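Below is one structure, written out as structure tokens; the observations come after it.
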Amino acid sequence: MTVLNNRTFDEIAPGDRASLTRTLRREDIELFAAVSGDINPAHLDAEFAASDIFHHIVGHGMWGGALISALLGTKLPGPGTIYLSQTLSFRRPVAVDDTVKAEVIVREKHNEKAHVVLDCAVTNQDGKVVIEGEAVVIAPRDKVSRPAPVLPQVRLIADDVASP
């Protein structure tokens, strides 16, 4: 069983960091599109994407942003964190089969309201920055340790049948 443990405001120090690594699959793009409603053909239509600026299907930029959100909510600070703001700059596309590393690094702490400012970056397998930005969160004051929820299995089924 996986357990999620947070880092309280008092346990956090500037320079603390957390990261996760993921490989973008075609199914991730399709699922992100289904959940978000972002059906931009640059993400889903190979013929269209071949004629755009990148010449291939690219992942949703906010998929990378979601990896940052996952870090903040599960690792640093972790459970009990309240997201206040996020800035993101999208520097490069992420293609199917790219492996990215999302990382957050504590830059500042503000004791009065338990605010923590974190630098955020997502880099690709070549070490190139694809997303960078800053997050501001309220870090929890109390320790939290919880079993990680078990997520349901998801199966994508293409609806290729034309309606009559």
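Values for this structure:
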{"item": "With Cα atoms, 0 to 90° folded angle of helix 61-74 axis to the chain main axis", "result": "30"}
{"item": "Separation in nanometres of the label points that stand 7 Å from Cα toward Cβ, at D126 and V150", "result": "4.2"}
{"item": "Part-to-part distance (alpha-carbon centres) for the stretch 92-164 and the stretch 1-71, which is given in Å", "result": "7"}
{"item": "Charge tally in the Cβ shell below 10 Å around I131, where Lys, Arg are +1 and Asp, Glu are -1, I131 excluded", "result": "+1"}
{"item": "As computed over the chain, the Cα convex hull volume per residue (Å³)", "result": "135"}
{"item": "Degrees separating the helix 26-36 axis from the principal Cα axis of the chain, which is the longest one", "result": "70"}
{"item": "A34 versus A158: modelled label distance in nm, points set 7 Å from Cα along the beta carbon direction", "result": "1.4"}
{"item": "Fewest-first sequence of L24, L118 by Cβ atoms within 10 Å of each Cβ", "result": "L24, L118"}
{"item": "Value of relative contact order over the stretch 1-133, rounded to a whole percent, pairs C-alpha under 8 Å and six or more apart", "result": "31"}
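Read-outs throughout are calculated quantities, based only on the coordinates presented, and are distinct from any laboratory measurement. Owing to the predicted nature of the structure, the values given are computational and were not obtained by experimental measurement. Counting neighbours? That spans all protein chains shown, and the Cβs are built from the backbone with ideal geometry, glycine included.
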